[in-house]
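The values are calculated or read from the model by the stated rules, or taken from the named source; none is laboratory data. Keep in mind it's a predicted model, so treat the numbers as computed, not measured. Because the Cβ atoms are built from the backbone with ideal geometry, glycine has one as well, and the counts that use them run over all protein chains shown. The accessibility values were calculated without ligands, DNA or RNA, using every heavy atom of the protein model including side chains. Shrake-Rupley method; radii C 1.70, N 1.55, O 1.52, S 1.80 Å.
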Amino acid sequence: QAPPRRRPTLGRGPLRGPAADPRAPKETRGPRGARPGHARGGAPMALYGSECEGYESVTSRASELWCGGEESANQQAKMPGFQVTIRECADMSEVNHGDEIRPFTDPFGISASPRPSHLHGIALSADDLKDPEIEDHVENHHKSQQLLHTVLRHRGIHSDSEAPFIHKAEDQEQLQGDVEKQRQEFTLGVMRRLRDRGIHGVRSFRRMLHHMDMEGTGTVMGRTFEGALAHMGIRLGAGEFNRMLELFAVEDESETVDYVKIFAYGASNWSDQRQEVVVEAYDCLRAKCPGGLLAAKEIELRFQPGALTQTMIPGLVEHESAQEFLTQWSDSNLAPDGILRWADFLDYYLDISLSYDSDQDFCAFVCRSWGINIDDWLAKKVFQRYAPEEHDNVLSYEAFVRMIAELDPSMDDVETKAWYQAIDEDNSGEVTLDEFLSSKILKVKRLFDQFDEKNTRIADHDTMVKILVSLNGDITPEEAEAVYQYADVDNNGEVSFSEFLEKGLLKLLQIFDDFDRNRSRSVNETEMKALLARLDPSLDDSDLNSIYKAIDLDGSGSISFIEFCESHILQAKALFDRYDTTRSRALTQFKFREMVLSLDSTLTPNEQEAIYNLVADSNTEKVHFGGFLNPNIFRIKGLFDKYDQDRSRFLDLQEFRSMLKDIYKCRTDREITQIVETICPPGGDEGISFTTYIQRFKEIARKHEMIHLAHRRAAREKARARGLVWTG
């Protein structure tokens, strides 16, 4: 089981511990030239339990704490109990502190939470990710400096060099006499040329310098630095080389360049959003590894090669993208055990971050690399802000209301309740994280806000199609139209945000993915029943058969997504379940009439009686689930209302023909005429009322079944005449 993560907070957490400030006194970081975790003589130093008090994680600090060998020896003498070496701490994902197991959580004491001034503007989907505000640049710069030194110390490079925060020079006059801005301008010029080599250009160059820096001081000879650039395909002119020495030469060593300082002047864009997405990726990968230890093998298995493209790395061949990525995690960058610590993971993405000016692009690349849905990641952040700390994967109704009130104060109680009920599929009174993520509801909310210019949260036909396409780019115009008609039951030409939720469109779009996996965009009977059983495990074989027959009206043996939408089966089932409080799969006559009136309060007693007689079981005098769905009253009434434009409860002959054609799309005009003549004698033009339509619907269905059987017999005889075996 993966160790727990730090609970997100509304504000940025303070940086704590020795790792938080690279400018801390040297005695806290150890003698110059000593390796991390070793005294000057090279012997491993011990870290004791009492030294770790006040820290959330021993291992997250172990590689950062420095102390003298003599002091450690004195403490060891006083405290003969628990002790581990710093190197041992760094190699563990959790350290046994007495009887307590203290999990590895926040690696460097840096909060992974953003700092929104209010939650109304929080990122609900990938499109909402914005670059930091100007006032955040200073904080991002200092965070970037700290993480750069953390990574360098992890690599055995000990340097105090850092860069102050400075505004970028607007023109050449500002550069005159300002050494700091001149250093920044030189560094940005080098970084731009490295970025032209691809997103791994900066990383390849830094790794090359580390190998050349034999003493780990963060410095190399000027000509060595120039040669490394030349290896990257970048040549410095004579003037540029001399200028580099003037700006970055080590004091008293005019031919030696402080390359750490050069990188420091380029490291300034590590924001909270970048921190959070990298932490999320690291945790997702660790969760799949035994003991939460991320092995290099897992990197190889989980990386999505499609994340690297030619636009990121010029000249990259598609089949070499995985190898290009894995090269960045070579054995020379990892510990002998092949385990990737947080610092190893951060090492890579800190370099990559220098190649991305946009937070949105950086976050998208990280998520694509590991198959993380960026919208799910953002939704998870919102969810965990309001979930109780002891149960951070469950959200109560009260917490949900509080979340909605802060996300959008204009949401009323009806919309909030509809939102909650749309997510709480099992009606447990609580929303789990999985339910919240699978609903995609935050993205739906953002899309309504985006396309609804009048802020009414009501979408017309064209707007609704745009929302559906944004939610799933694979949906066709015909399928989007079917979803729209599914939602617009009252045929008023509009779908509100509440209707979107109440009509079950979130679940409908999830079902679309099952159809989309099949290239024919249809499913057979077995697949349809399996899908329905997955949606509601309580359905028995009789229920599944009834639902399938209600959808497959043409008896073709396959169901398209459009057919599924047109059946309105999800709405019909949800309506029945709402009144079937005992879960007996049967409604009394009183309960059934109550349900029918909730569907249409204008129904007359005669119409209610006709509907009841059509679907009720004559033996039990109850309406069973199967009887309600076959014939599908929800669809039958919906189609009648669709063609009854004047709301007279009466269809003329042409309207009646059009409605039947809509029900039985596979039938020819001649066959539709035969069905019409079943209850409307030839030569008449009176039409049919709703009551008569319901009372004689069984005759309509029986005539359609006879036509269907005639087609089957004809097909069988045709196959036999050709010497074929008919299997239809």
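For beta carbons closer than 8 Å, sequence separation of 6+ or different chains, a first residue in the range 686-698 that is in contact (Cβ under 8 Å) with a residue 12 or more places away in the chain and of a type in the set (Gly, Ala, Ser) and a second that is part of a helix (DSSP H, G or I) and open to solvent by 30 Å² or more (accessible area, probe 1.4 Å), the qualifying pairs are Gly687/Leu653; Gly687/Glu655. Taking the criterion of being within 20 Å of Ile633 (Cβ to Cβ) and open to solvent by less than 40 Å² (accessible area, probe 1.4 Å), the residues of the range 659-682 that qualify are Met659, Leu660, Asp662, Ile663, Tyr664, Ile675, Ile679. Scanning the range 317-351 for residues that are exposed (fewer than 15 other Cβ atoms within 10 Å of the Cβ) and under 28 Å from the mean Cα position of the chain (by Cα) gives Glu318, His319, Glu320, Gln323, Leu326, Thr327.
When the residues of the range 604-626 are filtered to those that are free of Cβ contacts under 8 Å to residues at least 24 places away in the same chain and not in a loop (DSSP other than H, G, I, E, B), which remaining residue is surrounded by the fewest Cβ atoms within 10 Å (Cβ to Cβ)? By that ranking, first place goes to Pro605.
Residues of the range 268-276 include none that is in contact with a Gly (Cβ under 9 Å, 6 or more places away or on another chain) and among the hydrophobic types (A, V, I, L, M, F, W, C). Residues of the range 538-549 that are charged (D, E, K, R) and open to solvent by less than 30 Å² (accessible area, probe 1.4 Å): Asp543 alone. Considering (1) out of contact with any helix residue (DSSP H, G or I) (no Cβ under 8 Å at 6 or more places or on another chain); (2) among the charged types (D, E, K, R); (3) touching a residue at least 12 places away in the same chain (Cβ under 8 Å), the lone condition that Glu246 does not fulfil carries the number (3). Within the range 697-705, the presence of at least one residue that is modelled with pLDDT of 85 or more, in contact with a Pro (Cβ under 8 Å, 6 or more places away or on another chain) and not charged (D, E, K, R) is confirmed. The one condition from (1) crowded, with 21+ Cβ neighbours inside 10 Å; (2) within 30 Å of Pro477 (Cβ to Cβ) that Asp552 does not meet is (1). Among the residues of the range 409-449, those that are among the acidic types (Asp, Glu) and modelled with pLDDT of 75 or more comprise Asp412, Asp413, Glu415, Asp424, Glu430, Asp434, Glu435, Asp449. Residue count for the range 683-712 under the criterion of being over 51 Å from the mean Cα position of the chain (by Cα) and loosely packed, with under 13 Cβ neighbours inside 10 Å: the result is 4.
A count restricted to the range 446-485 and to residues that are hydroxyl-bearing (Ser, Thr, Tyr) and over 25 Å from Ile404 (Cβ atoms) stands at 2. Residue count for the range 560-601 under the criterion of being farther than 17 Å from Gly504 by Cβ and either open to solvent by less than 30 Å² (accessible area, probe 1.4 Å) or in contact with a strand residue (DSSP E or B) (Cβ under 7 Å, 6 or more places away or on another chain) (or both): the result is 7.
Does Glu162 fit the bill of being within 27 Å of Asp359 (Cβ to Cβ), acidic (Asp, Glu), open to solvent by 20 Å² or more (accessible area, probe 1.4 Å) and in contact with a Pro (Cβ under 8 Å, 6 or more places away or on another chain)?
Working: within 27 Å of Asp359 (Cβ to Cβ): yes; acidic (Asp, Glu): yes; open to solvent by 20 Å² or more (accessible area, probe 1.4 Å): yes; in contact with a Pro (Cβ under 8 Å, 6 or more places away or on another chain): yes.
Criteria met by Glu162.
Is one or more of the residues making up the range 526-537 surrounded by fewer than 16 Cβ atoms within 10 Å (Cβ to Cβ) and farther than 25 Å from Asp434 by Cβ? For the range 526-537, residues surrounded by fewer than 16 Cβ atoms within 10 Å (Cβ to Cβ) and farther than 25 Å from Asp434 by Cβ: present. Which ones in the range 187-204 are surrounded by 21 or more Cβ atoms within 10 Å (Cβ to Cβ), in contact with a Phe, Trp or Tyr (Cβ under 9 Å, 6 or more places away or on another chain) and assigned to a helix (DSSP H, G or I)? Listed by number, the residues that qualify are Thr187, Val190, Leu194, Val202, Arg203.
Checking each residue in the range 450-468 for being at pLDDT below 85 and open to solvent by 40 Å² or more (accessible area, probe 1.4 Å) picks out Gln450, Phe451, Glu453, Lys454, Asn455, Thr456, Ile458.
Residues that are closer than 18 Å to Tyr356 by Cα and touching a Pro at 6+ places or on another chain (Cβ under 6 Å) within the range 236-294 comprise Ser271, Asp272, listed in sequence order.
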